[in-house]
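The values are calculated or read from the model by the stated rules, or taken from the named source; none is laboratory data. Please read all numbers here as calculations on a predicted model, not as lab measurements. With ideal geometry, Cβ positions are generated from the backbone for all residues, glycine too; neighbour counts draw on all protein chains shown.
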There are 2 protein chains.
Amino acid sequence: MYFIKKTSYIGRQISCRYLKTIATSEPSKPDMKTAFPGPKSMALKKEMSMVHQNASTRAFFDYEKSFGNYVVDADGNKLLDVYMQISSLPLGYNHPELIKLAKDPRLITSLVSRPALGSFPRTDYADMIKKSLISVAPKGLSEVQTMLCGTSANENALKTAFIYYSAQKRGGKPPTPKDLSSCMNQQLPGTPKWTVLAFNGAFHGRSLAMLSCTRSKPIHKVDIPAHDWPISPFPRYKYPLNENIEYNKKQDKDCLTHISEQFKLRKEKGEDIAAVIIEPIQSEGGDHHASPEFFKGLQKITKENGSVFIVDEVQTGGGPTGTFWCHEQWGLETPPDIVVFSKKMITGGYYYAPALKVNEGYRIFNTWMGDPTKLIVLEKVVQIVKEQGLVEQAKVVGQFLKSELQNIQSTNDKILNLRGVGTYVAFDLPTTGLRDKFIDEACNRGLHVGGCGEKAIRFRPSLVYDKKHAEITLNIINEAIKQV
Amino acid sequence: MYFIKKTSYIGRQISCRYLKTIATSEPSKPDMKTAFPGPKSMALKKEMSMVHQNASTRAFFDYEKSFGNYVVDADGNKLLDVYMQISSLPLGYNHPELIKLAKDPRLITSLVSRPALGSFPRTDYADMIKKSLISVAPKGLSEVQTMLCGTSANENALKTAFIYYSAQKRGGKPPTPKDLSSCMNQQLPGTPKWTVLAFNGAFHGRSLAMLSCTRSKPIHKVDIPAHDWPISPFPRYKYPLNENIEYNKKQDKDCLTHISEQFKLRKEKGEDIAAVIIEPIQSEGGDHHASPEFFKGLQKITKENGSVFIVDEVQTGGGPTGTFWCHEQWGLETPPDIVVFSKKMITGGYYYAPALKVNEGYRIFNTWMGDPTKLIVLEKVVQIVKEQGLVEQAKVVGQFLKSELQNIQSTNDKILNLRGVGTYVAFDLPTTGLRDKFIDEACNRGLHVGGCGEKAIRFRPSLVYDKKHAEITLNIINEAIKQV
């Protein structure tokens, strides 16, 4: 019955010849053999439907064959990828320095002997966190909580805010015996009626609580019960910005007035707004930007109300906007209370201000609480991003991309509301139908691009997206837009 | 500015000498050099507090040095681990067949070129799912949804249930334009008032919605807003079972009556119970068992009300109870509607009945939707579990453990309510204080064991836990209980 046989350890003889099947260089340009998605992708989609829903599946990719900025699909098409797994790959596909991590014993051990991090961390866990997440922490936020994805990070950011807000209301004291007994029946005072303010067009995830903050598309929300939490408008600017200064300023002002009113209304109902959660750029909702003045005003209102200011940088964090954290561009006098990340940061999680630290065990907790394999990758990613100046590169390449798109825009009236910072560039098309047609035209020419909101095209290349990639991107856009 | 240098691909020269630092054999017995946790763990805990909360951190482990059923801590103590990262490691530490996966190119590619699975799966993704999750699917549930952890799986299981229930109420039709517009303001009819029935003592995770179903300990719930969802009692049996048949039968009956009443009450308020979620054995809540008759009765009531029956096997799934899924032991005539898993299944997710499939895109969706690296590990785990008959082994070893514990119990009145199936064995101590003292006594003797509920000890060894390990376990328990 003893399962462990006393054979020699086979792992020691690991040969790496298998890794030779992973691509090692980037194509010089897109190469399309079929329409996108092609027949093999369509066949795989049908096969997948036997075991797993596939309604959102667009195409199947051969990730071993993909490299750098280029993704290879099931039909052998090579596409320049400016969507990058919904903005989640910082260094593109199969970066050689990351592939080398296959020889790191921490990696395989962490994968097959996965710790319950909240109770039994690895001996080097604090060190891992320092070398990865802390080395790029937003100014003023020196502590971090790891989680598994953006949604679980946002959920726990809200919990942290509720715990803080409740403690403040008790004068800093721990929960009373009555709090502890009443919460088991989900009654006051232990279960408070605090709310979270979020915005029209926002996207913060798809768990039930985060859907109560998410308002990008009805199909995400319909049929799902929600918390009755307040909604405020997020500015909707006219472009170009320098020709619409007064209009846009009024947008800021009207939105801030609405927010102040919500704080007052909810306080009157005993449903205090314990936290405000906002994206620096509304992404899924349509790449809506707001001014530093708006964010500064929002932080001020939030602070005056004793509420927690949560900046959801799940999609903006990690460098694509030309600063490591997008909120650095606002010039805030004090840091946000919580900054949430995921996607390009490889792991989910959030930074928080010292005052928000939860000191009791098991309040912010779960079995896995993150994944060391992701921190090992992030440690290397951060090192490469710093050494190669990739955040600065995103800023410069993004400026090039945007200014060249301006030129295309000047000769084509289908490109509307061009906007963006860093490579986080977007434009609208006149209708949803034309936007979707544009995506098809671009993909069929070998540019893998994504949409957002009702009629926007969003660029989400990796940080290794360079001027030569931007030039190819622009050529294809120029061709595709003419077909729309 | 071009970052990708045309150097040869360094990955090809990966040497595996580093992997020699991973342990390759199991100690023959525990070996304690310090108290548990020792001074090095305590120092690391202090270091960790500078960058990450540590209130729940018990000890730091050296996972590279751990092997099989034995974990090595920061102080070099070797402990027989019957807690196994809160029941989440199916094959113990650093199983050689899993370590060999380091050479699998799918593994490193999936880690560094992580797909957004909902939109762009790997070409071999359906195949991966078939060889891992589908190969052990509960009878009657042939489709699966991958997620990242137990909580996100439960969240999406609830969403699936709400979507199904709403569609049924509409006669199977899709949401109306009014549903779609009203849900953006979180109002009826698009945002329904459906509820979920869960149980006293239950644990289903710690996101806001899952906390509304979780009722194991106040500290998890206090200060966090919740849905006002119904709560029913879960049977509380007297042991030994064969001496308390009438009492326990009445428990079942009273609980089922209460549940029926909740369905009626909520329907009257327009807050229909769209789903019932239950653990086969309440784990965090204190290892509370219920009879097959209770579960059959519960399924019957749920079905009669057109509601969705969700079995949360996050902790019970994967073999430790002596069947791959614990609910197999109930003899249900039809399968549950949804079975949720995580922990020993390496990945989170849920199986669902064909009728519950969500056919519209982006309703059950997120960026990552799981993680192929976990499926690659699971594929190998499942193969080993089947080849080596480890589920049957858990049954046999568990019977041995329980019968020997009965002998200890007969000479010591501190061991109460001995219960369990497979190695999923538990007993109570008279008080929380004595339980906690017992854990310390056992850990200091080299048995890493965990508690649950108010005063329970729970055994959660891996599936490679054998009779020899059970014998060492029993010896230490025998010594430790005398000190309590």
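So, in the range A:385-408, how many residues would count as being β-branched (V, I, T) and touching a Ser or Thr at 6+ places or on another chain (Cβ under 8 Å)? Residues meeting the conditions: 2. Looking across the range A:119-149, the residues that are closer than 13 Å to A:G370 by Cα and either hydroxyl-bearing (S, T, Y) or not assigned by the TED database to the domain that holds A:R363 (or both) come down to A:S119, A:Y125, A:T146. B:Q186 falls short of the stated requirement of being more than 26 Å from the chain's Cα centre (by Cα) and more than 10 Å from chain A (Cβ to nearest Cβ).
Quick one: is A:S28 closer than 23 Å to B:K131 by Cβ and not aliphatic (A, V, I, L, M)? Taking the combined requirement at face value, the residue does not satisfy it. Of the helices (runs of 4 or more DSSP H) entirely within the range A:89-131, those holding at least 2 residues that are within 18 Å of B:G92 (Cβ to Cβ) and not charged (D, E, K, R) occupy A:105-112. How many residues are more than 7 Å from every other protein chain (Cβ to nearest Cβ) and over 26 Å from A:Q315 (Cβ atoms) when one looks only at the range A:93-106? So the answer is 1. Are any of the residues in the range A:441-459 buried (at least 19 other Cβ atoms within 10 Å of the Cβ), touching a His at 6+ places or on another chain (Cβ under 9 Å) and assigned to a helix (DSSP H, G or I)? The answer is yes; a qualifying residue exists.
Would the range B:201-211 turn up any residue that is free of Cβ contacts under 8 Å to residues at least 40 places away in the same chain and within 21 Å of the chain's Cα centre (by Cα)? Looking for residues that are free of Cβ contacts under 8 Å to residues at least 40 places away in the same chain and within 21 Å of the chain's Cα centre (by Cα), one finds at least one in the range B:201-211, hence yes. Here A:A167 qualifies as within 34 Å of the chain's Cα centre (by Cα), more than 7 Å from every other protein chain (Cβ to nearest Cβ), outside any loop (DSSP other than H, G, I, E, B) and more than 27 Å from A:D223 (Cα to Cα).
This table checks each residue for (1) of a type in the set (K, R); (2) surrounded by fewer than 21 Cβ atoms within 10 Å (Cβ to Cβ); (3) touching a Pro at 6+ places or on another chain (Cβ under 9 Å).
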position: A:D104; (1), (2), (3): no, yes, no
position: A:R122; (1), (2), (3): yes, no, yes
position: A:I134; (1), (2), (3): no, yes, no
position: A:G140; (1), (2), (3): no, yes, yes
position: A:C149; (1), (2), (3): no, no, no
position: A:A161; (1), (2), (3): no, no, no
position: A:L197; (1), (2), (3): no, no, yes
position: A:A202; (1), (2), (3): no, no, no
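Of all residues in the range A:278-302, those that are assigned to a loop (DSSP other than H, G, I, E, B) and either under 14 Å from A:S232 (Cα atoms) or not hydroxyl-bearing (S, T, Y) (or both) total 7. Looking at the structure I just gave you, is B:M128 at pLDDT 95 or above and in contact with an Asp or Glu (Cβ under 8 Å, 6 or more places away or on another chain)? Considered against the rule, which asks whether it is at pLDDT 95 or above and in contact with an Asp or Glu (Cβ under 8 Å, 6 or more places away or on another chain), B:M128 comes out as yes.
Residue check: is B:W325 in the same structural domain as B:G171 (by the TED database), over 18 Å from the mean Cα position of the chain (by Cα) and closer than 19 Å to B:S283 by Cα? Taking the combined requirement at face value, the residue does not satisfy it.
Which of the following residues is farther than 22 Å from B:C149 by Cβ, at pLDDT 95 or above and not assigned by the TED database to the domain that holds A:F438: A:E404, A:E379? On inspection, the qualifying residue turns out to be A:E379. Among the residues making up the range A:41-92, those that are at the interface with chain B (Cβ under 7 Å from one of its Cβ atoms), under 19 Å from the mean Cα position of the chain (by Cα) and in contact (Cβ under 8 Å) with a residue 24 or more places away in the chain are A:I86, A:S88, A:L89. When the range A:312-336 is filtered for residues that are acidic (D, E) and crowded, with 24+ Cβ neighbours inside 10 Å, the ones remaining, listed by number, are A:D312, A:E313.
Listed by first and then second residue, the pairs with beta-carbon distance under 8 Å, at least 6 apart or on different chains, first residue in the range B:228-242 and assigned by the TED database to the domain that holds B:E293, second of a type outside the set (S, T, N, Q) and in a loop (DSSP other than H, G, I, E, B), are B:W229/B:C213; B:I231/B:R215; B:F234/B:G201; B:F234/B:A202; B:F234/B:G285; B:F234/B:A290; B:P235/B:A290; B:Y237/B:A290. For the range A:59-92, a residue qualifies if it is basic (K, R) and touching a Phe, Trp or Tyr at 6+ places or on another chain (Cβ under 6 Å), and exactly one does: A:K78. The residue of the range A:212-226 that is surrounded by the most Cβ atoms within 10 Å (Cβ to Cβ), among those that are more than 7 Å from every other protein chain (Cβ to nearest Cβ) and within 20 Å of B:P225 (Cα to Cα), is A:C213. So, B:K159, is that one in a helix (DSSP H, G or I), over 30 Å from B:N417 (Cβ atoms), modelled with pLDDT of 95 or more and more than 9 Å from every other protein chain (Cβ to nearest Cβ) or not? In short, no.
Restricting attention to the range B:309-329, the residues that are over 17 Å from B:K386 (Cβ atoms) and in contact (Cβ under 8 Å) with a residue 40 or more places away in the chain add up to 8. Assessment of the range A:366-379 against the conditions (over 24 Å from A:K100 (Cβ atoms), touching a residue at least 60 places away in the same chain (Cβ under 8 Å) and in contact with a helix residue (DSSP H, G or I) (Cβ under 8 Å, 6 or more places away or on another chain)) yields at least one matching residue. Among the residues making up the range B:226-253, those that are touching a His at 6+ places or on another chain (Cβ under 7 Å) and assigned to a loop (DSSP other than H, G, I, E, B) are B:P233, B:F234, B:R236, B:Y237.
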